[in-house]
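Accompanying notes for the structure given below.
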Amino acid sequence: MEGPTPDTAVDLAESRPGPASRTRSRLRRRGLRGSVLVGWLFILPALAFYAVFVLRPIALTFQYSMYTWDGIGPSTWAGFGNYVKVFTDPDLFASILNAVKLIVFFSAIPVVLGLAIASTIRRIATSRLALVARTVIFLPQVIPLVAAGIAWSWLLSSNGVVNQMLALVGLDGVTRAWLGDFSTALPAVGVIGAWVLLGLCMLLLLAGMSKIDPALYEAARLDGAGPLREFLSITLPSLRQEIAVCVTVTVIAALASFDIVYISTQGGPGNASMVPGLEIYYLAFSERKVGVASALAVVLMVLVIAVALPIQRLSRDRSS
């Protein structure tokens with residue numbers, strides 16, 4: 001069997017990494033490991049904070065949901081009995097349904113109106129009216145929700161401005177205590193939430209519209225497209241990511257609503273406007289049913305994740 005020729009031996013020798021190149025490779029790998037370690041050191045405080053104040057409370061909530069406990073005395077094992085009670089107790093399950101109904105007001109109305117208002121403001125962006133409109137519509141985001149709830153409670157009371165305006169136009173038969181009526185309490189709370197979230201949706205959508213190439217609109221006008229066709233063919237498809245963010249934020253706000261409901265109706269009349277966040281508060285601190293309250297909190301967390309994740313995934317799939 002013939003051995004390697006001199007030329008082959010030279011090629012093999014040249015292809016083998018020399019001591020200098022091996023040293024450089026080792027230094028490069030060591031540098032990469034060092035940079036990774038430095039990166040982990042930078043994010044370690046945030047991870048520790050997240051673990052202590054987010055992951056640990058979630059784990060404790062799940063642990064408490066498996067027991068019958070009043071928050072003070074000894075606890076007894078309940079297993080999944082608390083979860084069964086959440087779905088079989090009419091009042092507890094009704095609070096979840098109320099939160100789902102609020103999605104229409106907290107999410108659908110602000111997103112649809114936000115699209116219309118943002119599109120209108122974009123057309124008059126150079127005028128002073130656009131600046132005034134942006135400021136006025138975004139103002140509820142600056143106002144504390146407690147103050148907003150109190151103000152709307154006055155507006156929607158029996159002698160409030162809303163009823164006075166209805167009486168002025170001859171609609172006395174329609175007037176009522178909007179937040180104290182069984183049929184209108186939840187929609188009235190939804191209107192307050194829509195008013196608060198409209199400014200956020202409008203601003204996010206307006207920021208997304210500012211990134212659209214104006215040449216697309218010019219080309220559409222040259223082809224004879226009107227404002228509606230421009231909106232449906234250019235604006236709406238270009239805002240998938242922004243719409244997904246708006247829907248996600250507003251849906252979570254609807255499912256996790258607490259402060260507006262607590263200030264305006266406190267869940268009443270009866271349980272007509274009761275939502276899971278307020279029900280958890282009452283169960284844990286008024287009725288001392290920490291186990292049931294924790295189970296409802298876990299169900300609410302799972303519901304939020306189950307609604308938010310598909311929205312994000314759908315928006316990523318469409319954009320890709």
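The values are calculated or read from the model by the stated rules, or taken from the named source; none is laboratory data. Not measured: the values here are computed from a predicted model. For neighbour counting, all protein chains shown are included, and Cβ atoms are generated from backbone atoms with ideal geometry for every residue, glycine included.
Observations, loosely collected:
- Tabulated pairs, segment 34-62, first modelled with pLDDT of 90 or more, second surrounded by 10 or more Cβ atoms within 10 Å (Cβ to Cβ), C-beta under 7 angstrom, 6+ apart or interchain: Thr61/Ser294; Thr61/Ala297; Thr61/Val298; Phe62/Val298
- Residue in segment 310-319 that is outside any helix (DSSP H, G or I), crowded, with 17+ Cβ neighbours inside 10 Å and out of contact with any Phe, Trp or Tyr (no Cβ under 8 Å at 6 or more places or on another chain) present: no
- Taken together, the criteria place Ala118 among residues that are in the same structural domain as Gly270 (by TED's automatic domain parsing), in contact (Cβ under 8 Å) with a residue 40 or more places away in the chain and under 21 Å from Val249 (Cβ atoms).
Residues checked against (1) outside any helix (DSSP H, G or I); (2) in the same structural domain as Ser153 (by TED's automatic domain parsing); (3) in contact with a strand residue (DSSP E or B) (Cβ under 7 Å, 6 or more places away or on another chain); (4) not β-branched (Val, Ile, Thr):
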{"position": "Ser257", "(1), (2), (3), (4)": "yes, yes, no, yes"}
{"position": "Tyr262", "(1), (2), (3), (4)": "no, yes, no, yes"}
{"position": "Gly270", "(1), (2), (3), (4)": "yes, yes, no, yes"}
{"position": "Met274", "(1), (2), (3), (4)": "yes, yes, no, yes"}
{"position": "Ile280", "(1), (2), (3), (4)": "no, yes, no, no"}
{"position": "Gly291", "(1), (2), (3), (4)": "no, yes, yes, yes"}
{"position": "Ser294", "(1), (2), (3), (4)": "no, yes, no, yes"}
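- Within segment 297-309, the set of residues being out of contact with any helix residue (DSSP H, G or I) (no Cβ under 8 Å at 6 or more places or on another chain) and either surrounded by 11 or more Cβ atoms within 10 Å (Cβ to Cβ) or acidic (Asp, Glu) (or both) comprises Ile305, Leu309.
- Residue check, Phe106 in contact (Cβ under 8 Å) with a residue 60 or more places away in the chain, buried (at least 16 other Cβ atoms within 10 Å of the Cβ), closer than 11 Å to Leu198 by Cβ and in the same structural domain as Gly208 (by TED's automatic domain parsing): yes
- Residue selected from segment 258-274 under the condition in contact with a helix residue (DSSP H, G or I) (Cβ under 8 Å, 6 or more places away or on another chain) and more than 14 Å from Ala188 (Cα to Cα), by the criterion surrounded by the most Cβ atoms within 10 Å (Cβ to Cβ): Asn271
- Spans of helices (runs of 4 or more DSSP H) in segment 121-202 with at least 2 residues in contact (Cβ under 8 Å) with a residue 24 or more places away in the chain: 128-142, 145-155
- Checked against the criterion of being more than 29 Å from Phe138 (Cβ to Cβ) and of a type outside the set (D, E, K, R), the candidates Gly224, Gly160 yield just one match: Gly224.
- Pro144 under 25 Å from Ala116 (Cα atoms) and either crowded, with 18+ Cβ neighbours inside 10 Å or out of contact with any strand residue (DSSP E or B) (no Cβ under 7 Å at 6 or more places or on another chain) (or both): no
- When residues of segment 203-218 are limited to those that are in a helix (DSSP H, G or I) and either aliphatic (A, V, I, L, M) or in contact with a strand residue (DSSP E or B) (Cβ under 8 Å, 6 or more places away or on another chain) (or both), the one nearest to Ile121 (Cα to Cα): Leu206
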